[in-house]
Amino acid sequence: MKKTTKVAALVLAAAMMMTACGGNADQAADTGAAADATNADAANTDNEAGADAEQSASVTKTEGVITFGTNAEFPPFEFVASNGVIDQYDGIDMAIAKQIAEDNGMTAAVENMEFDSLLIALQNGQIDAAIAGMTVTEERLESVDFSTPYYTATQVMIVKEDSDIATAADMADKKICVVQGYTGEICVQDLGYPYEAFKKGTEAVMELVNGKCDVVVIDSATAQKYVSDNEGLKIVEDSETFESEEYAIAVRKGNTELLDMINKAVEAKLADGTISDLGVKYTEETTEE
Ligand code: GLN
């Protein structure tokens, strides 16, 4: 696909698909995952309520620095490495974050936290933006603004190689594992199947490897990483059940100045192929070993 077509397709897709699975936005909103959480203590409290008002005056909490929140448990988008692009943090998102800051004559800093805490930390003013392979959903749009989407993904099922699961409906009587607060959890909730939620993708995959569950529902690129790292697993897709999702960067509602800065950089990097090159680079690197 030509790059310009790809950008247009991304934007169009984002406009059309604000739901994670099966066009079931209302239900997704009702099940209230990440954004509804009230455990503000999950986000550090050194910069809390009241920050909002002060911050409307400045674009970022620290002048010259964009503080990005992430959850570095989501390869190839973010993971901890001995020599990352921003401190010890590496991956597609980290490289994009660094370039967004540099394009605006700023530096990028990273705060690593649980995925569930990101939107709260954003609203508290602890971080300026969240970049975490985060899918744009209607529910999340109620509490934050999203940038132009930069990546299209879908939910997939990871199963043992000899599994008889071929479609999402085959999960009905199986033991399902998801990661808490991910769109995969929302999808399984929408399907109405019971499941067990883990804090980390690696934990869910270990359950599968150890035969304690039958299937893990998770984002496509991350699934590929887990399958290449663990023998005896395969990916099963079901595009009728799992619609495509768009990853975008979240900012506090109304922080249009920062959003514009981020969008300009993201759109330029989509148009010149930088983001697609990063996708190739990190997919190869993280699946090599
Ligand atoms: N794309 C999924 C979501 O937004 C998972 C993101 C992540 O784990 N970093 O929920």
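The values are calculated or read from the model by the stated rules, or taken from the named source; none is laboratory data. Values in this document were obtained by computation on a predicted structure and should not be read as measured data. Cβ sites come from the backbone with ideal geometry, for glycine too, and all protein chains shown count toward neighbours. In case anyone asks, the SASA skips ligands and DNA or RNA and just uses the protein heavy atoms, side chains included. Shrake-Rupley method; radii C 1.70, N 1.55, O 1.52, S 1.80 Å.
Would a scan of region 171-190 turn up a residue that is at pLDDT 95 or above, of a type in the set (D, E, K, R), open to solvent by 10 Å² or more (accessible area, probe 1.4 Å) and under 15 Å from the mean Cα position of the chain (by Cα)? Within region 171-190, one or more residues are at pLDDT 95 or above, of a type in the set (D, E, K, R), open to solvent by 10 Å² or more (accessible area, probe 1.4 Å) and under 15 Å from the mean Cα position of the chain (by Cα). Residues that are within 11 Å of the ligand (Cβ to nearest atom) and assigned to a helix (DSSP H, G or I) within region 107-122 comprise PHE115, ASP116, LEU118, LEU119, listed in sequence order. Does MET157 satisfy being crowded, with 21+ Cβ neighbours inside 10 Å and over 21 Å from THR135 (Cα atoms)? No. Give the residues of region 123-146 that are hydroxyl-bearing (Ser, Thr, Tyr) and either within 11 Å of the ligand (Cβ to nearest atom) or open to solvent by less than 10 Å² (accessible area, probe 1.4 Å) (or both), sorted by residue number. Result: THR135, THR137.
Go through the residues of region 273-280 one by one and say whether even a single one is within 14 Å of the ligand (Cβ to nearest atom), surrounded by fewer than 23 Cβ atoms within 10 Å (Cβ to Cβ), within 16 Å of the chain's Cα centre (by Cα) and over 12 Å from ILE100 (Cβ atoms).
No, region 273-280 contains no residue that is within 14 Å of the ligand (Cβ to nearest atom), surrounded by fewer than 23 Cβ atoms within 10 Å (Cβ to Cβ), within 16 Å of the chain's Cα centre (by Cα) and over 12 Å from ILE100 (Cβ atoms).
Evaluate region 247-257: report whether one residue or more is open to solvent by 20 Å² or more (accessible area, probe 1.4 Å), of a type outside the set (Lys, Arg) and in a strand (DSSP E or B). Talk me through it step by step, then tell me what you get.
Just the residues of region 247-257 that are open to solvent by 20 Å² or more (accessible area, probe 1.4 Å), to begin with: 252-257.
Of the ones still in play, those that are also of a type outside the set (Lys, Arg) are 254-257.
Still in the list and also in a strand (DSSP E or B): none.
Checked region 247-257: no residue is open to solvent by 20 Å² or more (accessible area, probe 1.4 Å), of a type outside the set (Lys, Arg) and in a strand (DSSP E or B).
Exactly one residue out of ILE158, ILE186, ILE165, ILE176 is β-branched (Val, Ile, Thr) and within 11 Å of the ligand (Cβ to nearest atom), and it is ILE186. Only one of the numbered conditions (1) touching a helix residue (DSSP H, G or I) at 6+ places or on another chain (Cβ under 6 Å); (2) within 12 Å of the ligand (Cβ to nearest atom); (3) farther than 18 Å from ILE186 by Cα; (4) not in a strand (DSSP E or B) is not met by ASP93, and that is (1). Here THR152 meets each of (1) more than 12 Å from the ligand (Cβ to nearest atom); (2) surrounded by fewer than 23 Cβ atoms within 10 Å (Cβ to Cβ); (3) of a type in the set (Val, Ile, Thr) with one exception, condition (1).
Annotation: ASN83 fulfils all but one of (1) in a loop (DSSP other than H, G, I, E, B); (2) within 16 Å of the ligand (Cβ to nearest atom); (3) farther than 23 Å from LYS199 by Cα; the unmet one is (2).
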